[in-house]
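Some notes on the structure that comes next.
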Amino acid sequence: MTNLIVTITDHSNYGNRLQNYALQTLLSQYDDTTTAFMDIGITSGLKKAVKTVKNLVRPIYAKILRNDLALESRRMQNCSAFSKRYIHEGDFEITDFKGLVAKNGKEYSRVVIGSDQVWNPQWLTNKELALRLGSFAPDSCPIISYAASLGASEVRKTSVPVFQKYLPRLKAISVREFRGAELIKEMTGLDAAVILDPTLMIDAENWRSITENFVQKCDKYVLTYFLGRPNEEQERDIQEYAKQHGCRVRRILDLRDQETYFAGPQDFVELFSKAEYVFTDSYHACCFSLLFHKQFTVFNRSGMQGKGNMNSRMETLFKLFELDSVMMDSGLAPKIDYDIVDRLLDTHRMHSKNWLNVAMRA
């Protein structure tokens, strides 16, 4: 058997690369596993050629022009190098205009969709969504989803028929968020299991094994990783904590910290594993903080107030690990009891593993 992972292909996104690696690691315990390189948004051969040329030229002009472009180019090279080393994704490609293309006569026996926001209809045309639901696979091929995410609390009406057409073809459905399971039930009447993101299925020591000494010995730092941007009050909280604890501040994906900016996915993991404290608004930052037993605070993004504004993936994660109190508008979250977290993690891992064992026999 050969498992074909269908997920988002985004070499610039740390969470995407690491969840892809984690799911591949999980599935490889059963059978050979590969990932389809997904070029969603490429609707013709000409557009694909233009994109290829841009990717070749970008590193060259980045070095000639601004320093921030050079840093981004270096970061992208590190992310791509991680994918080449750790993720098997060269045998199949999915594009809007060709669907699934197998290279060198490669074949697959099972499709596994997930994880990440692979079913987020806000980012996809209906044709793209259908591909992400396995529309290319023959009826004889078993399809399952592992911790797939819709990434939204509602689905636009025009996308509902696509879910209704293709979800019933799946032999087993699992999602990452409680709201995702509710939406699938509302649209199709089908039950979806809520299981752990694949990054949480890999233990801390295995994650440490891919790190490469990006962090110097004796570096004492508070780590930040924000997809939004902290407001002034939140920034004061970060600086105050760092000062009180004799730490500097290292900032992932923030051009104010050029030393850290070009980190690859394996360096992202290492930065979390060695941090003194973490401030974030990112789902996968929470996952890696939990794995490495880090105390952390999740700040609401600027302009959003109160816990009622948590997105569904954060809400599910906090409910699973009894961590509702880590979400703050400002200040520091209460101390996390990792005896409780570890006990819950063992329970949820067992549930997720049992679900996967049954699904892989479907």
Open item on the list: As an exercise: evaluate LYS335 against (1) within 30 Å of LYS217 (Cα to Cα); (2) of a type in the set (Lys, Arg); (3) under 22 Å from the mean Cα position of the chain (by Cα) and give the number of the one condition it does not meet.
Closed with: (3)
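So which of ALA181, ALA242, ALA193 is in contact with a Ser or Thr (Cβ under 8 Å, 6 or more places away or on another chain) and small (Gly, Ala, Ser)?
Numbers: ALA181 fails: in contact with a Ser or Thr (Cβ under 8 Å, 6 or more places away or on another chain); ALA242 fails: in contact with a Ser or Thr (Cβ under 8 Å, 6 or more places away or on another chain).
Just a single option satisfies the conditions, and that option is ALA193.
For residues that are outside any helix (DSSP H, G or I) and in contact (Cβ under 8 Å) with a residue 40 or more places away in the chain, tally how many sit in the range 69-107.
Quick first cut of the range 69-107, residues outside any helix (DSSP H, G or I) only: 87-107.
Okay, now just the ones that are also in contact (Cβ under 8 Å) with a residue 40 or more places away in the chain, so 87-97, 100, 106-107.
Residues flagged as outside any helix (DSSP H, G or I) and in contact (Cβ under 8 Å) with a residue 40 or more places away in the chain within the range 69-107 amount to 14.
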Open item on the list: Condition first: buried (at least 23 other Cβ atoms within 10 Å of the Cβ) and among the polar types (S, T, N, Q). Now tell me which residues in the range 142-200 satisfy that.
Closed with: SER145, SER149, SER174, THR199
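Would you point out which residue out of GLN216, GLN234 is over 28 Å from SER115 (Cα atoms) and touching a residue at least 60 places away in the same chain (Cβ under 8 Å)? Working first, answer last.
Working: GLN216 fails: touching a residue at least 60 places away in the same chain (Cβ under 8 Å).
When all the criteria are applied, what remains is GLN234.
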Task: Residue that is in contact with a Gly (Cβ under 7 Å, 6 or more places away or on another chain), among the charged types (D, E, K, R) and surrounded by fewer than 21 Cβ atoms within 10 Å (Cβ to Cβ), where the choices are ASP203, ASP237, ASP219 - done: ASP237
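How about the range 2-15: which of its residues are outside any loop (DSSP other than H, G, I, E, B) and buried (at least 22 other Cβ atoms within 10 Å of the Cβ)? Before the answer, list the steps.
Residues of the range 2-15 outside any loop (DSSP other than H, G, I, E, B): 2-6, 14-15.
Across the range 2-15, the qualifying residues are ASN3, LEU4, ILE5, VAL6, TYR14, GLY15.
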Task: Given (1) at pLDDT 95 or above; (2) buried (at least 16 other Cβ atoms within 10 Å of the Cβ); (3) within 26 Å of LEU291 (Cα to Cα), number of the condition ALA36 does not satisfy - done: (3)
TODO: Enumerate the pairs (first residue in the range 190-211 and in contact (Cβ under 8 Å) with a residue 60 or more places away in the chain; second residue anywhere and of a type in the set (Asp, Glu)) with beta-carbon separation below 8 Å, excluding pairs fewer than 6 apart on the same chain, so at least 6 apart or on different chains.
DONE: VAL194/GLU177; ARG208/GLU270; THR211/ASP267; THR211/GLU270
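For every residue, the table says whether it meets (1) closer than 11 Å to ILE195 by Cα; (2) modelled with pLDDT under 95; (3) of a type in the set (S, T, N, Q).
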position	(1), (2), (3)
PHE321	no, no, no
ASP324	no, yes, no
ALA333	no, no, no
ILE336	no, no, no
LEU344	no, no, no
HIS351	yes, no, no
TRP355	yes, no, no
Open item on the list: What's the total number of residues in the range 70-100 that are under 15 Å from LEU18 (Cβ atoms) and of a type in the set (A, V, I, L, M, F, W, C)?
Closed with: 4
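The values are calculated or read from the model by the stated rules, or taken from the named source; none is laboratory data. Only a predicted model underlies this, so the values are computations on that prediction, with no experimental measurement involved. Every residue, glycine as well, gets a Cβ built from its backbone with ideal geometry; the counts of neighbours run over all protein chains shown.
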